[in-house]
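In what follows, a structure is listed as structure tokens, so that the remarks can point back to it.
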Amino acid sequence: MFEASHRELRSWVADGLVDGVRIDHPDGLSDPAEYLDRLRSVIGADRWLVIEKILGHAEPLDDHLPIDGTTGYDALAELGGVFVDPSGAPRSPRCRRPAPATGVTRPGSTSTKPP
């Protein structure tokens, strides 16, 4: 299955069209390390291999994985607070109130009543 599903990627690598690969949430696979080892063998050591993995606050990235890092959600979680003005917190519930009913029928619905 791996060979068949990565045939096109192999072709792109052979043609020099790939500088790196991003893999979404490999921890959902039965053996993420094996998959990433196999993928590294396809793209080679000179191409960038990053994974999308949301790390917990003190969770380290497994340094045995053959990757160059994560897509950066862990850094974003640390830096995101720089862009948030805490004085706006009391006003935030107003941003979450439901939109007013429009009476517009949703696709596939037989009712004209608002949801």
Considering the range 54-79 alone, what residues qualify as being open to solvent by 40 Å² or more (accessible area, probe 1.4 Å) and under 15 Å from the mean Cα position of the chain (by Cα)? 54, 71, 73, 74, 75, 76, 77
Given the conditions (1) of a type outside the set (Val, Ile, Thr); (2) loosely packed, with under 14 Cβ neighbours inside 10 Å; (3) over 28 Å from residue 80 (Cα atoms), every one holds for residue 40 apart from (2)
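The values are calculated or read from the model by the stated rules, or taken from the named source; none is laboratory data. What you are looking at is a predicted structure, and each value in this text was computed from that prediction instead of being measured. In this analysis, Cβ positions are derived from the backbone assuming ideal geometry, glycine residues included, and neighbour counts consider all displayed protein chains. Heads up: the accessible areas ignore ligands, DNA and RNA and are worked out on the full protein's heavy atoms, side chains in. Shrake-Rupley method; radii C 1.70, N 1.55, O 1.52, S 1.80 Å.
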